[in-house]
2 protein chains.
Amino acid sequence: MTIQTAVEELSKALGQKVQTGASIRALHGGNESYFDEVLPDAVVFPDSTADVQRVVQICAAHDCPIVPWGTGTSLEGHALAVRGGISLDMSSMAAVVEVNDGDMDCRVQPGCTREALNAELRATGLFFPVDPGANASLGGMAATRASGTTAVRYGTMRENVLAMEVVLADGRIIRTGSRARKSSAGYDLTKLIIGSEGTLGIITELTLRLHGQPEAAASAVCAFPDVECAVNAVQTTMQLGVPMARIEFLDAECVDAVNRADGRDMPLVPHLFMEFHGSETSVAEQAETVRGIVAEFGGSAFDWSTAQEVRAKLWHARHNAYYSIKALRPGCRAVTTDVCVPISALAQAVRETSADIAESPLTGPILGHVGDGNFHSALLIEDGNAQELAEAKRLSHRMAERALRLGGTVTGEHGVGMGKMKYMADEHGDGWQVMAAIKTALDPQNILNPGKMVEVN
Amino acid sequence: MTIQTAVEELSKALGQKVQTGASIRALHGGNESYFDEVLPDAVVFPDSTADVQRVVQICAAHDCPIVPWGTGTSLEGHALAVRGGISLDMSSMAAVVEVNDGDMDCRVQPGCTREALNAELRATGLFFPVDPGANASLGGMAATRASGTTAVRYGTMRENVLAMEVVLADGRIIRTGSRARKSSAGYDLTKLIIGSEGTLGIITELTLRLHGQPEAAASAVCAFPDVECAVNAVQTTMQLGVPMARIEFLDAECVDAVNRADGRDMPLVPHLFMEFHGSETSVAEQAETVRGIVAEFGGSAFDWSTAQEVRAKLWHARHNAYYSIKALRPGCRAVTTDVCVPISALAQAVRETSADIAESPLTGPILGHVGDGNFHSALLIEDGNAQELAEAKRLSHRMAERALRLGGTVTGEHGVGMGKMKYMADEHGDGWQVMAAIKTALDPQNILNPGKMVEVN
């Protein structure tokens, strides 16, 4: 009953910040994806780094697992307390601590969401670009090395987190990195924590790199006769160094879902949704270059706009695509895949995936951040239908294996969580053992999100 | 005599690839900076990953230190075998293994220099941008997280190494990363090895990100009334998001050194050397924007050129500045400092450093990659003059402390090596202990470049 003792001690120390009611535990035991519900023993709402330190110290004393929780938008079951213990809900630590206009950086608490930060930044002329679609917490985004539609231009969380405050498994508090733009002073602990999914430490503050709001922006939509043409247009665009702000692929089925949900009437063929950022001259020049490339690869007339309203609607449609796809089959669950391959292998990867899904009874539209070689399929299954889940897993497995065969990765941006553990040995070989050695060195009791990322004891 | 036994075993296994002659050991026992000569017991020239693995296995069996050697251009004594053992000279592993035009990446062996790679790439329309000045080996550049003049636009080695093959301390060979542009699959071992200075593993291959050669390029030079004006112009330029390819600061003394070495007649005031990359339209637009900013901050008429010859001469002068500065005092040694601060603190940091040096008997021109907040002073001392060395160290110490006080780092790009160990605890707090824990987990015998980076046994 060590977990029970820990929960009692936590309640004594933190009072109402520790909740054990069934409904709040259920809220923290579910997930956006297909994983079974797993209730934590308690949910703790720290409101300071000192609280987090106290929680870790108590949990360490009683071998109680700690699973950080952001907004619950993970697609790989990261935040499920699979070995019991507490869900550490960071939503009470959601402040924007400081914005440094002059250095184009800011400090935020981990529960702050990307939309909240951008709302706060609006008047400064700066913005935080990483955009995974969901209004995720910035701590969760760092923990999963999230990215999304704008990574092709602005990078992922890997490139946009300068520094962090982290509470280690033994309660020590460290600051990784500084506000300097670069450093050669030692092992890159910032990058080690980014993507570590709560297994090496609890992020209690982030220093983020901000970017200037572009002087001008334009969006464009165009249709292609087939996947190959669309992907080749993307590859050529990237090779020419056009600094695309977004370049998103939607297959015909995905276009159908967006049409239905959004009242659009795009032709049912593969599309690219694009965005250009820069000065007015530069945006016009970029668009002109891409218009030429699109024409070369048989793309449709280039539907181009600088109107804020048109752009907002387009990206709302893209962001909403996951839900538009789910609406194709009311009440379904989606098994979302997430592979990333070298761009030269992208057309083959998408084509073979499409063929697989076409032969399957499941519906699974494909969409992706193709400028990075990253794409997803949302495989729709009936909730509780074991046969369909098995089929979705089979398709997902083939995608993962294909990505590795083509020199890519089994997860471009969603993370390992529960879903991708089984591929870690294949992707990393002995590197996975190195990860386990690091985990053991920093969390010898294995109390930080145990059962994820690595296999130890 | 375990090291002696290791050297004998190595000779048996690798024959002529193991050298113990005094002159070759002396070549690998010197350094570009002020550190005392330390001769390794032997120098080993592996020509394959299998050789490196064999070396590591033999050294591990006999507790023999292994210190990787690239081109010997380190400024912090990284490659000195301070606890004896072997210098592992990677110059026989210098091939460009593969160039993937379509993915804009390549694979190289660690001994390949950046100039050799760029020569090989010339016909492809691609280039490798990271440019520390010296024609360093790419393995050495990764090991020290090098950067240089172009980092402001293209990033440092941190952003431009996609993946590596690494031989671990126990002889296992791992591949970190893949050719995918992004991944959320596990701890970022690539970033952990970058900047680890040979203490966690031996890099035997690198997958590098390449960039398209810009369609157009222009350089510009302008003079400023004082440091403040120059730095403020840089800050404004960065805030406006002008994608500068290079933006370099030289103080009046540095300008004097360049004038003398290069037959130029720049006025003896602070200067910025700049480079713009992009399409012809974009380069012209960038230059126009910066011309306005320069004027706003009292800068001189903007001496702008797209002529390849003018640009080449300018950057030759900049790259050569270290030697031009040393030529101010024939036969001297340079103690090169290397701090990086948030750009809002840059003017203060440079001003206070200038004042310190002005009050000192030493000459120490200041120059830097100011778009990143990174700058150096090359403090000239008479070889063997202990009093001058002590004074240079005093000035360097004040710079390091100032950088930390201003939220920066004690090394922007030169690395820790011998010179910056003493600041690691101050910069990282308990984070330095975390680094030691990682080191111990991956190299429990402490045979990989022992005595550097962390303090263990």
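The values are calculated or read from the model by the stated rules, or taken from the named source; none is laboratory data. Worth saying up front: this structure is predicted, and the values here are computed from it rather than measured. Cβ: placed from backbone, ideal geometry, glycine included. Neighbour counts: every protein chain shown.
Quick rundown of the values:
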{"quantity": "For A:Val255: the one exception among (1) away from chain B (no Cβ under 13 Å); (2) β-branched (Val, Ile, Thr); (3) touching a His at 6+ places or on another chain (Cβ under 9 Å); (4) within 24 Å of B:Met104 (Cα to Cα)", "calculated": "(4)"}
{"quantity": "Identity of the residue in region B:13-49, among the β-branched types (Val, Ile, Thr) and not in a strand (DSSP E or B), that ends up nearest to B:Lys326 (Cα to Cα)", "calculated": "B:Val38"}
{"quantity": "Region B:416-437 residues that are touching a residue at least 60 places away in the same chain (Cβ under 8 Å), paired with ones that are in a helix (DSSP H, G or I) (beta carbon under 7 Å, 6 or more apart)", "calculated": "B:Val416/B:Met424"}
{"quantity": "Selection status of B:Ala217, more than 12 Å from chain A (Cβ to nearest Cβ), surrounded by fewer than 24 Cβ atoms within 10 Å (Cβ to Cβ) and either out of contact with any Pro (no Cβ under 8 Å at 6 or more places or on another chain) or closer than 24 Å to B:Cys106 by Cβ (or both)", "calculated": "yes"}
{"quantity": "Number of positions in region A:134-156 that are surrounded by fewer than 24 Cβ atoms within 10 Å (Cβ to Cβ) and facing chain B (nearest Cβ under 10 Å)", "calculated": "1"}
{"quantity": "Region B:36-70: number of residues that are crowded, with 20+ Cβ neighbours inside 10 Å and at pLDDT below 95", "calculated": "0"}
{"quantity": "Enumeration of residues in region B:8-33 that are surrounded by 20 or more Cβ atoms within 10 Å (Cβ to Cβ) and in contact with a helix residue (DSSP H, G or I) (Cβ under 9 Å, 6 or more places away or on another chain)", "calculated": "B:Leu10, B:Val18"}
{"quantity": "Close pairs (8 angstrom Cβ cut-off, 6 or more residues apart or separate chains): assigned by TED's automatic domain parsing to the domain that holds B:Ile58 and among the basic types (Lys, Arg) in region B:3-20, in a helix (DSSP H, G or I) and surrounded by 15 or more Cβ atoms within 10 Å (Cβ to Cβ) anywhere", "calculated": "B:Lys17/B:Asp51; B:Lys17/B:Ser92"}
{"quantity": "Index of the failed condition, A:Ser344 passing every other in (1) away from chain B (no Cβ under 12 Å); (2) more than 23 Å from A:Thr144 (Cβ to Cβ)", "calculated": "(1)"}
{"quantity": "Residues (surrounded by fewer than 19 Cβ atoms within 10 Å (Cβ to Cβ), under 17 Å from B:Phe249 (Cα atoms) and out of contact with any helix residue (DSSP H, G or I) (no Cβ under 9 Å at 6 or more places or on another chain)) located in region B:304-314", "calculated": "B:Arg311"}
{"quantity": "From B:Ala425, B:Ala378, residue being in contact with a strand residue (DSSP E or B) (Cβ under 7 Å, 6 or more places away or on another chain) and either at pLDDT 95 or above or surrounded by 24 or more Cβ atoms within 10 Å (Cβ to Cβ) (or both)", "calculated": "B:Ala378"}
{"quantity": "Test: A:Glu401 is surrounded by fewer than 16 Cβ atoms within 10 Å (Cβ to Cβ) and away from every other protein chain (no Cβ under 11 Å)", "calculated": "yes"}
{"quantity": "Residue within region B:419-429 that is more than 10 Å from chain A (Cβ to nearest Cβ) and touching an Asp or Glu at 6+ places or on another chain (Cβ under 6 Å) present", "calculated": "yes"}
{"quantity": "Out of B:Pro243, B:Pro225, sole residue that is within 14 Å of another protein chain (Cβ to nearest Cβ) and touching a residue at least 60 places away in the same chain (Cβ under 8 Å)", "calculated": "B:Pro243"}
{"quantity": "Filtered residue count, region A:406-418, keeping only those that are more than 7 Å from chain B (Cβ to nearest Cβ) and either touching a helix residue (DSSP H, G or I) at 6+ places or on another chain (Cβ under 9 Å) or of a type in the set (Asp, Glu) (or both)", "calculated": "1"}
{"quantity": "Residue match in region B:121-133 (condition: assigned to a helix (DSSP H, G or I) and within 13 Å of chain A (Cβ to nearest Cβ))", "calculated": "yes"}
{"quantity": "Of residues in region B:444-457 being in contact (Cβ under 8 Å) with a residue 60 or more places away in the chain and closer than 18 Å to A:Ile174 by Cα, the one farthest from the other protein chains (Cβ to nearest Cβ)", "calculated": "B:Val454"}
{"quantity": "From the options A:Val82, A:Val152, A:Val97, residue that is touching a Lys or Arg at 6+ places or on another chain (Cβ under 8 Å) and within 19 Å of A:His369 (Cβ to Cβ)", "calculated": "A:Val152"}
{"quantity": "Residues (farther than 17 Å from A:Ala436 by Cα, within 7 Å of chain A (Cβ to nearest Cβ) and among the aliphatic types (A, V, I, L, M)) located in region B:163-192", "calculated": "B:Ala180"}
{"quantity": "Qualifying residue in region B:89-96 (condition: touching a residue at least 12 places away in the same chain (Cβ under 8 Å), out of contact with any Ser or Thr (no Cβ under 6 Å at 6 or more places or on another chain) and farther than 27 Å from B:Ala6 by Cβ)", "calculated": "yes"}
{"quantity": "Filter result for the condition that a residue is in contact (Cβ under 8 Å) with a residue 40 or more places away in the chain and part of a helix (DSSP H, G or I), over A:Cys59, A:Cys64", "calculated": "A:Cys59"}
{"quantity": "Selected residue [touching a helix residue (DSSP H, G or I) at 6+ places or on another chain (Cβ under 7 Å) and more than 14 Å from chain B (Cβ to nearest Cβ)] from A:Ala378, A:Ala441", "calculated": "A:Ala378"}
{"quantity": "Top-ranked residue of region A:193-206 - restricted to ones that are within 8 Å of another protein chain (Cβ to nearest Cβ) and not hydroxyl-bearing (Ser, Thr, Tyr), ranked as nearest to the chain's Cα centre (by Cα)", "calculated": "A:Gly195"}
{"quantity": "Residues of region A:264-290 satisfying the condition of being without any contact (Cβ under 8 Å) to a residue 24 or more places away in the chain and away from chain B (no Cβ under 14 Å)", "calculated": "A:Asp265, A:Leu268"}
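Yes or no, residue by residue, for (1) crowded, with 24+ Cβ neighbours inside 10 Å; (2) in contact with a strand residue (DSSP E or B) (Cβ under 9 Å, 6 or more places away or on another chain):
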{"residue": "B:Gln239", "(1), (2)": "no, yes"}
{"residue": "B:Leu250", "(1), (2)": "yes, yes"}
{"residue": "B:Gly263", "(1), (2)": "no, no"}
{"residue": "B:His277", "(1), (2)": "yes, yes"}
{"residue": "B:Val283", "(1), (2)": "no, yes"}
{"residue": "B:Glu288", "(1), (2)": "no, no"}
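Each row is one residue, and each column tells you yes or no for (1) out of contact with any helix residue (DSSP H, G or I) (no Cβ under 7 Å at 6 or more places or on another chain); (2) not in a loop (DSSP other than H, G, I, E, B).
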position: B:Ala392; (1), (2): yes, yes
position: B:His397; (1), (2): yes, yes
position: B:Ala425; (1), (2): no, yes
position: B:Val434; (1), (2): no, yes
position: B:Asn446; (1), (2): yes, no
